[in-house]
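The values are calculated or read from the model by the stated rules, or taken from the named source; none is laboratory data. Since we're looking at a predicted model, the values are computed, not measured. FYI the Cβ positions are ideal-geometry reconstructions off the backbone, even for glycines, and counts take in every protein chain you see. Note: accessible area is taken over every heavy atom of the protein model, side chains too, but ligands, DNA and RNA are not part of it. Shrake-Rupley method; radii C 1.70, N 1.55, O 1.52, S 1.80 Å.
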Amino acid sequence: MRLTRLTTPGSDSAPHKPLLRSRALWAAALGWLAVNALVVTVAGDRLPFAWASSTGQHTKDHLLQANVGLGEVLLLITLVGLLTRRRPRPDLAARAPERAQALRESLLLLAYGATGLALGYVLARSLGLHPFGFHLAGTLYGTHEHVTPAEAVTWALYNLMVYAVAPLLYFRRRYTTEQLCLRSADRRADTVLVAVVLAVESIVQFLALEPETFELGGRRLLVGLPLTFTLYLAGAVLPAMVFIYAILLPRVLKLTGSTVATVVAGGLAYAAFHLWDAWTQFGSLKDSLLSGAFLLLTYFAPGMMKAVLTLRTGNAWVHVWAYHALAPHTLADTPHVVHIFRI
């Protein structure tokens with residue numbers, strides 16, 4: 001595969017389009033720069049978020065971390081390109097229905113997802129819990145607030161049922177597992193790709209975050225690791241995999257006809273479903289702008305990486321094992337779960 005070019009969806013022999021001529025690529029790059037500029041203009045020296053893991057850091061430190069994170073993801077995407085350069089390109093657009101039906105189903109999915117977020121907010125607040133998004137309160141940035149075992153389990157079950165089980169039951173009656181990107185076309189190649197990406201991402205997470213997981217001791221690890229894996233698989237990983245990457249992504253590719261635009265859409269969708277992260281604040285225009293900015297700075301790049309893995313392999317499970325369930329969640333969030341369940 002030429003790293004500077006893309007093939008159009010649906011054919012390995014289709015004419016090549018220079019990557020740097022992609023409007024979606026330039027829109028994403030300009031948007032990223034605009035978000036950085038917005039933070040510099042609006043935030044001042046400190047951000048308004050109560051991030052337990054980064055108390056005392058300046059705005060410039062957070063921006064530097066976000067941009068380094070984007071750079072790491074771009075390097076990983078390049079690595080994926082190198083590892084899969086000899087693999088035939090799966091035709092995900094052909095797995096979606098014809099354009100009119102793909103548009104209807106995409107709009108249905110987006111409306112359903114927005115409703116799920118709204119109900120997750122109302123239900124959680126009525127129970128005295130943090131609103132339900134794709135991350136449990138305290139994930140990634142930590143929290144000074146108390147999270148109970150009941151909240152963690154309720155969050156996981158809500159997300160699993162709303163974003164994974166219900167959509168899968170609906171679409172599985174109409175489409176095959178291959179059309180839903182839930183079957184591997186080359187298990188050996190997928191396994192190699194998962195192993196390499198997981199190893200690289202685990203090393204990066206270990207060096208960058210210095211997770212406390214390996215300081216927990218044998219008993220805590222014995223209980224905490226499988227508990228964290230199960231909790232986040234149900235509440236974050238499977239909902240994202242089914243809703244965004246198995247169902248929505250092929251339809252976006254069908255509608256846009258652009259791999260780059262589909263990757264960008266995957267990043268935007270992934271960021272949107274973290275709207276209710278416990279650290280976000282919407283009490284003022286300034287806080288709302290900064291919350292939206294850091295949702296994009298935090299989740300846009302990982303969302304793109306998941307999209308690339310799915311588009312390149314045709315198998316949504318690949319990103320689950322390579323770049324979500326184990327690293328970062330199990331690696332980074334086990335101390336948080338151990339604390340919640342008082343292990």
Problem - Selection of trypsin sites (Lys or Arg not before Pro), segment 152-257, meeting DSSP coil and at most 10 other Cβ within 10 Å - result: Arg173
Practice task
Using a 10 Å Cβ count of at most 13 others and DSSP loop calls, identify the longest part of the chain lacking such GluC sites (Glu not before Pro).
Solution key: 146-343
Handout entry: Solvent exposure of the chain as accessible area per residue, Å², 1.4 Å probe
Key = 47 Å²
Practice task
On a 0 to 90° scale, report how tilted helix 259-272 is relative to the longest principal axis of the chain, with both axes built from alpha carbons and the result rounded to the nearest 10.
Solution key: 20 degrees
Exercise for the section: May I ask for the angle, rounded to the nearest 10°, between helix 99-126 and the longest principal axis of the chain, with both axes built from Cα atoms and the value confined to 0 to 90°? Expected result: 10 degrees
Handout entry: Share of carbon and sulfur in the accessible heavy-atom surface of segment 94-154 [1.4 Å probe, %]
Key = 68 percent
Completion exercise
Helix 285-313 sits off the longest principal axis of the Cα atoms of the chain, rounded to the nearest 10 on a 0 to 90 degree scale, by 40 degrees
Practice task
Give, as a single signed number, the net charge of other residues whose beta carbon lies under 15 Å from the beta carbon of Gly44, with Lys and Arg counted +1 and Asp and Glu -1.
Solution key: 0
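Relative contact order of the chain, please, whole-number percent, based on alpha carbon pairs below 8 angstrom and at least 6 residues apart.
Once divided by the residue count of the chain, the mean separation gives 29 percent.
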Practice task
Name the aspartates and glutamates eligible as straight-distance cross-link partners of Lys306: C-alpha to C-alpha under 20 Å, and not fewer than 8 places from it in the same chain.
Solution key: Glu72, Asp91, Glu178, Asp186, Asp190, Glu201, Asp277, Asp333
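Where in segment 87-150 are there trypsin sites (Lys or Arg not before Pro) that are in a DSSP coil and have at most 14 other Cβ atoms within 10 angstrom of their Cβ?
Qualifying residues, ordered by number: none.
With a 1.4 Å probe and all protein chains left in place, how much of the accessible area of segment 240-303 comes from carbon and sulfur atoms, in whole percent?
After summing per-atom areas, the C and S share lands at 71 percent.
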Handout entry: Net dipole in debye of the chain [+1 Lys, Arg Cβ; -1 Asp, Glu Cβ; about Cα centre; nearest 20]
Key = 1340 debye
